[in-house]
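Enquirer: First the structure, then my questions, so here it is.
Where a number appears in this text, it was derived from the coordinates with a stated rule and is not lab data. Everything numeric here is computed off the predicted structure, so don't read it as measured data. Positions of Cβ are backbone-derived with ideal geometry, glycine not excepted, and every protein chain shown enters the neighbour counts.
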Amino acid sequence: MASEGKRSLSVLNCGAGLPFGLGNRLARTYKEHMTRHTIMEKLQILADAAKYDASCASSGTAKKNSVGGKGIGSTEGMGICHAYAPDGRCISLLKVLLTNHCVFDCHYCVNRKSSNVRRARFTPREVADLTLTFYRRNYIEGLFLSSGIVKNSDHTMEQLVDAARILREEHDFRGYIHLKTIPEADPEIIHRAGLYADRISINVELPTEAGLARLAPDKNAGTIEGAMGGMKLAIAEAKDAKKRFRHAPGFAPAGQSTQMIVGADSASDNQIIGKASTLYGRFGLRRVYYSAFSPIPDASAVLPLKRPPLMREHRLYQSDWLMRFYGFSADEVQQAAGADGMLPLDMDPKLAWALKFRESFPVDLNRAPREMLLRVPGLGTRAVKNILLARRHRTLRLDDIARLTVSLVKIRPFIVTADWRPTMLTDRADLKSLVVPRREQLELFG
Ligand code: SF4
C-alpha cells in the first residue's frame, strides 16, 4: 500500500497525461490535503489532551459527548470550551495544547513524561493558523492555549507567547486569548504573555504543599505563588497606567485564574476552601477552578483508584460562590462541613450552614438587610435584588417569594413574610428531612 501511495503521489507531481497545469494543481491539493490531515491528527491528540484542564470546562454535570454520530454536543470540554468575557458574554474557545510532550512527571497528568500516550506538537504558527481558520468559520471566538513542557520551561513559554504574538501582531486578532503560563519560566517571558492574552492562568495544581511535593515533584509551591504574585502586580500596574495614559498597553484585562485538582490527594474540602480563600485574597484571582481528579489511562500507582464523586467538585464550586457573591467568609463556609472537613454531598453548603446556625433564622424578607437575605437557602443573588426592589413599593407575601425561588419548601422554614411565620418549624429536629431536595433537584442552587 505504501508503494501504491508513493506512485500516486509521483504521478500527481509530474502531472503526466494531464492537461498542462492541472497536475501541479492536483499535486498542490494533495499536499494540502496531506498537511491538513497531519494538522487534524495533531489537533485530535492535542485537543483531547487539553480536556483534563478544567479552567474553562463546564463542571458539575454528567459527561456526555456525540462521538459516533450519537446526538450533538459535548460536555467533556474537549476541542471547544466556553468562557466568560469581561463584559459577561459567554464565548467559545478553541481549547488545545501546544504539545503534550512533557519533561515533568506529575503523577496525576496523562501527559507526564512516563505516560504511554501518543504525542504531538504544534508550532506556534500552526496554532495561530488553526485559530484564525476556525474563527473565520465562526466556530470559535478565541483561544485557550496550554502546553506540556518541552525542552524546558523558558522554551515552552516562549512558544506559547509566540502563538499569541502571531495572532495579535501579524493578524491583528482581537478575539479572546487565555494563556496558561508555566510558573518555572523566566518572569520576563511570563510578563510578555500578559501583553497578548486577555486572561492568564497559573495552576496551583494541589491544595497543599505536601500534596504538590508528592504528586508533582518537579513543581514548587513557592515558585507557583511567586509567579502569581508577579502577575497580580503587573495587572495592577497596567490598570493604573491605563487610568493615567489612555494608550498604555493592556495587560491580561480579564485577570488571572488558577486550577486545583480535587481528590488526587487526601486534602479535605475545608483545606481546599481555605486555600482558595487565601489565593483570592493574596493574588486577586478572578476564578479558582476545581477539577475532580479523573483516573487516567496508565495511571501512576500513587493515585487513588477511584475518582471522587463529581458532586464534590460541584459543592466546592458552590462554596466558592458563597465566598465570592454571598458574603460568606472562608471560616463560615468551612462551618458547613462535617467533622471530617468534607462538605455534605446531599445538600448545598448554604443550606448546610443554615441548618447548623438556625439561631440566625427566620429572616424577615420585608426588613432584613441584603447580607442576611443572601444567607437564606433558596435565594440567589438575583432573587435578593428583586426582593430589595419589590419591597420598596409593597409588603411582600409568600406568593411574591414563590415567584422568585425554585423551592418554597426549602425556603419557608427560614423566612418571615407579611402572611407567613414558620413558628416552630425552624427549630424542628427533623428539619433536614423536610428541606433537603430530592436527588433530581440537587443541581439547583439558590
Ligand atoms: S507539567 Fe505536569 S501537569 Fe503539566 S503537562 Fe507536564 S506532567 Fe502534565
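Enquirer: Under a 5 Å amide H to amide H cut-off, with H placed in plane at 1.01 Å, what residues pair with Lys95 once short-range neighbours are removed?
Expert: Under 5 Å from the amide H of Lys95 lie the amide H atoms of Gly79, Ile80, Cys81, Phe144, each far enough along the sequence or on another chain.
Enquirer: About its Cα centre, what dipole magnitude does segment 349-441 give when the only charges are +1 on Lys and Arg Cβ and -1 on Asp and Glu Cβ, stated in debye to the nearest 20? Don't skip to the answer; put the middle values down first.
Expert: Numbers: 20 positive and 9 negative charges, 52 e Å.
Result for segment 349-441 is approximately 260 debye, rounded to the nearest 20.
Enquirer: Test of understanding: ordering Arg246, Arg112 by Cβ neighbours within 10 Å, fewest first, what list do you get?
Expert: Values: Arg246 6, Arg112 21.
Neighbour counts put them in this order, fewest first: Arg246, Arg112.
Enquirer: Roughly how many nanometres apart are two label points built 7 Å out from the Cα toward the Cβ at Thr38 and Asn152?
Expert: About 2.8 nm, to one decimal.
Enquirer: On to the next question. How high is the FRET efficiency between Arg403 and Arg214 when r is their beta carbon distance and R₀ equals 51 Å, given to the nearest 0.05?
Expert: Details: r = 51 Å, r/R0 = 1.00.
My answer for the efficiency is 0.50.
Enquirer: Right, another one. Taking 0.36 nm per residue of separation and subtracting the Cα-Cα distance, what length does fully extending Met424 through Ala236 add? All intermediate terms of the calculation are to be shown ahead of the outcome.
Expert: Values: separation 188, 0.36 × 188 = 67.68 nm, distance 5.15 nm.
Length gained between Met424 and Ala236: 62.5 nm.
Enquirer: Take Glu170 and Glu359, extend 7 Å from each Cα along the Cα→Cβ direction, and tell me the distance between the two endpoints in nm.
Expert: Using points 7 Å along Cα→Cβ, the separation is 6.7 nm.
Enquirer: Related question: So, R0 is 51 Å and r is the distance between the beta-carbons of Asp186 and Arg307; what FRET efficiency does that work out to, to 0.05?
Expert: Details: r = 36 Å, r/R0 = 0.70.
Given R0 = 51 Å and the Cβ-Cβ separation, E is 0.90.
Enquirer: Hey, fewest Cβ within 10 Å first, where do Phe325, Phe283 land in order?
Expert: Values: Phe325 11, Phe283 23.
Ascending number of Cβ neighbours within 10 Å: Phe325, Phe283.
Enquirer: Along segment 113-126, what does the Karplus equation 6.51 cos²θ - 1.76 cosθ + 1.60 (θ = phi - 60°) give for ³J(HN,Hα), rounded to whole Hz, x for Gly and Pro?
Expert: Result, rounded to whole Hz: 4, 8, 7, 9, 10, 5, 10, 8, 8, 8, 7, x, 5, 4.
Enquirer: Could you line up Thr381, Thr258, Thr426 from fewest to most neighbouring Cβ atoms inside 10 Å?
Expert: Working: Thr381 14, Thr258 24, Thr426 20.
Least crowded to most crowded, the residues run Thr381, Thr426, Thr258.
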